[in-house]
Structures are given as C-alpha cells and as structure tokens.
Amino acid sequence: MNRRLVAAALGRLTQEHRDVLRECCFRGSSVAQAARALGIAPGTVKTRTYYALRALRLAVEELRDAE
Amino acid sequence: MTADPYARLDAAYLLEALDADERLAYEAHLAICRRCRAGLAEISAIPSLLAGLDESVFAAPPEVAPTPVPDTLLPRLLQAAGRERARRRWLTTGLGLLAASCAIALIVIVVPSSSGPKPAPRAMAALVATSVDATIALQPRSWGTEIDLTCWYQRGAAEPSSDRYELVAHGADGATYDLGSWLLTPGQRVIFTSGTALTETQIKNLQITQPNGLAILAFGVPRPPQTADR
C-alpha cells in the first residue's frame with residue numbers, strides 16, 4: 001500500500017479522528033493515556049478509534065478506486 | 001445499533017490500546033459473538049497501513065495551493081458583475097413586494113416546526129438476513145408525524161450493489177401507507193426525511209422493503225404502558 005495514498009486518506013478524516021489515531025497508533029498510547037492526552041473520556045477514545053478506522057478504510061478505498 | 005458493550009471495542013483492541021482485563025474480556029466475547037468477529041475483520045488490515053508513517057500526516061492537511069488564473073479573468077468578472085448588479089436592482093423591487101406577502105405565511109410555517117427537542121434515533125430491527133442498517137426517529141408534528149431515517153449498507157465481505165428501498169407505515173387501522181423511496185449505494189449514508197398525517201399512536205410499525213417487496217427492517221412504535229385492570 002502506497003504511503004502517499006494513506007497520508008491522503010488521513011487528510012480526509014476529521015482532526016478528532018486523526019488525533020485519536022496519532023495517540024493510539026503512532027504514539028502507542030493506551031485508551032487511558034490517549035484519554036488524558038486528548039482531554040476526552042476513555043469511552044470516547046474507544047468509539048472514536050472505532051469510527052476513525054472505518055472512516056480511514058472508506059477513504060483509502062475511495063482514493064484507490066479513483067486512481 | 002446494539003446494546004452489545006463490546007460492539008465498539010474492535011479498533012481499540014486492534015491498536016492494542018485496551019488494558020489487559022478488557023482485552024481478555026473482549027477476546028472471550030469474540031469467541032461467542034459472530035457480529036463482533038465480523039466487525040473486527042472489517043478493519044483488521046487498517047492499522048498496518050499506518051505503520052511507518054511520519055507523525056506529520058496526523059496533523060491538519062496543508063491548504064491546497066490555488067491554481068493561477070488568466071490575466072483576462074478579473075476584467076471579465078468585473079464586467080459580468082456590473083451587468084448582474086443592474087439586473088438585480090430591478091429584481092429586488094419585485095422580490096421585495098413578493099417577500100412582504102410571503103412573510104405572513106412564513107411565520108405560520110416556521111414556528112411549529114422549530115418547537116420541541118429532536119428525538120433520539122432508534123435502530124431498526126432486521127426481519128431477515130440483510131446488509132442494510134437503519135435508524136429512525138419519530139417527531140410529533142401539528143400535521144402528523146415527521147420521520148427521519150438514516151440508512152446505509154453495513155461494510156461487510158460481500159459488497160452489495162446499489163438498490164432502491166422503500167419506507168412503508170402500517171397503520172393501527174390495518175392500512176399500509178407508502179412513505180417514499182431512495183437509492184442506496186454502498187459506502188454512502190442516506191438521510192431521508194418523510195412524514196405522514198398519522199399520529200404516532202396511529203402507526204403500528206414502520207418497515208423498509210427491498211425492490212421485490214420483502215420487508216427487511218422494522219421499527220415498532222412503542223406504546224404507552226397500559227394501565228392494568230385488577
């Protein structure tokens with residue numbers, strides 16, 4: 001998978017979704033750590049990652065189809 | 001969609017963000033819940049895409065640089081704007097008169113529709129195995145009931161093609177009322193607003209039917225609790 005395409009797909013997400021992915025994915029934070037870093041409830045971290053990964057999947061698929 | 005407390009945990013699990021207790025509980029749940037396994041499978045390949053990316057990709061994307069415009073564009077735009085202004089002066093006079101006569105009608109229409117909080121959308125229940133999901137919210141109106149529907153294809157293994165769906169209401173009187181139709185495309189969320197002269201108590205249930213007439217999703221309108229006779 002092309003990194004440029006993944007970066008472009010991330011650019012289509014909301015900043016909230018990118019933030020939670022940066023915490024949990026790039027920084028390897030736990031739910032509790034991400035919740036503290038972002039100032040949101042742990043439950044929100046869980047649901048936000050849930051929607052963020054699905055939004056990312058959709059954006060990647062759309063960009064790939066468009067190429 | 002569901003009261004399953006594990007239903008939204010798949011991403012945090014894949015990203016290894018759950019604590020040990022929660023991870024074990026989720027894994028035990030996965031063994032017995034087909035729906036959660038399917039949800040997990042949908043996105044299991046996604047975290048690996050993010051491996052090795054630079055942190056900068058998680059920042060706000062840069063603004064797209066504007067493309068240069070031809071030198072002749074500005075004079076042409078100014079000319080066109082001048083013509084448009086002249087046209088509007090005439091139009092404004094006419095519209096002003098029209099607006100004055102509409103104002104009275106607007107007050108009547110706007111006031112009732114802005115009253116009352118929006119009810120929370122409720123999930124529709126599947127009647128058959130289907131890849132369509134929907135939520136529905138009923139709002140009492142002076143003219144009947146407003147129905148706000150959100151409908152989408154679940155993201156699953158078999159990607160369905162676009163299809164036409166219809167919303168029907170079954171009245172407490174036994175009659176069926178067509179409330180409209182829409183085209184559903186995979187990956188797209190359809191927000192569909194409909195309405196009926198029936199009040200909530202006159203609606204027995206609402207159903208979504210597929211093109212062959214088969215009802216696939218239903219929502220039973222909750223009845224106020226009956227006073228028990230003793």
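The values are calculated or read from the model by the stated rules, or taken from the named source; none is laboratory data. None of the values given here were measured: they were computed from a predicted structure. Glycine gets a Cβ as well: all are built from the backbone with ideal geometry, and neighbour counts include every protein chain shown. What goes into the accessible areas is simple: the full protein's heavy atoms, side chains included, and nothing from ligands, DNA or RNA. Shrake-Rupley method; radii C 1.70, N 1.55, O 1.52, S 1.80 Å.
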Practice task
Provide the solvent-accessible area of B:Tyr13, counting protein heavy atoms only and rolling a 1.4 Å probe, rounded to the nearest 10 Å².
Solution key: 50 Å²
Exercise for the section: Would you mind giving the mean number of other chain beta-carbons within 10 Å of the Cβ of each residue in A:26-38, as a whole number? Expected result: 3
Handout entry: Whole-Hz ³J(HN,Hα) from phi, Karplus 6.51 cos²θ - 1.76 cosθ + 1.60, for region A:16-30, glycine and proline x
Key = 4, 5, 5, 4, 6, 6, 4, 5, 7, 9, 5, 8, x, 6, 7
Problem - Chain lengthening between B:Thr130 and B:Ala51 when straightened (0.36 nm per residue, less Cα-Cα) - result: 25.0 nm
Exercise for the section: Find the relative contact order for chain A and round it to a whole percent, using C-alpha pairs within less than 8 Å whose residues are 6+ positions apart. Expected result: 42 percent
Handout entry: Whole-number accessible area per residue in Å² for chain A, which is evaluated in the context of all protein chains at 1.4 Å
Key = 49 Å²
Practice task
Evaluate the distance, in nm, between pseudo-label points positioned 7 Å from the Cα of B:Tyr177 and of B:Gln154 along their respective Cα→Cβ axes.
Solution key: 3.0 nm
Problem - Segment B:Arg89-B:Leu24, extension gain: residue separation times 0.36 nm, minus the distance between their alpha carbons - result: 16.3 nm
Practice task
Would you pull out the residues with amide H under 5 Å of A:Ser29's amide H, same chain only if 5 or more places away, H placed 1.01 Å from N?
Solution key: A:Cys24
Exercise for the section: Please give the average number of partner chain Cβ atoms lying within 10 Å of the Cβ of each residue in A:11-22, rounded to a whole number. Expected result: 3
Exercise for the section: Taking amide H positions as placed in the peptide plane 1.01 Å from N, state which residues far from B:Ile216 in sequence (5 or more) or on other chains have amide H under 5 Å from it. Expected result: B:Ile208, B:Thr209, B:Gln210
Handout entry: Kirkwood hydrodynamic radius of chain A, from inverse mean 1/r over distinct Cα pairs, in Å
Key = 12.2 Å
Problem - Per-pair calculated FRET efficiency, R0 = 45 Å: A:Ala7 and B:Thr72 via Cβ, rounded to 0.05 - result: 0.75
Completion exercise
Note: B vs A interface, total accessible area buried (1.4 Å probe; ligands, DNA, RNA excluded), nearest 100 Å², is 2800 Å²
Problem - Accessible area in the full protein assembly, largest first, 1.4 Å probe, for B:Trp182, B:Trp143, B:Trp152 - result: B:Trp143, B:Trp152, B:Trp182
Handout entry: From phi via Karplus (6.51, -1.76, 1.60), per-residue ³J(HN,Hα) for region B:129-139 in Hz, x at Gly/Pro
Key = 5, 8, 9, 9, 10, 7, 10, 9, 9, 10, 10
Problem - Förster radius 45 Å - calculated FRET efficiency between A:Glu16 and B:Cys33, Cβ distance, rounded to 0.05 - result: 0.95
Completion exercise
Note: B:47-56 gets an average of partner chain Cβ contacts (10 Å, Cβ to Cβ) equal to 5
Practice task
Please identify the helices of chain A, taking whole runs of DSSP H, that span at least 30 Å along their own axis as judged from the Cα atoms and have a mean Kyte-Doolittle score of 1.0 or higher.
Solution key: none
Exercise for the section: Using a 1.4 angstrom probe on the protein heavy atoms only, line up B:Glu146, A:Glu16, A:Glu67 by accessible area, largest first. Expected result: A:Glu67, A:Glu16, B:Glu146
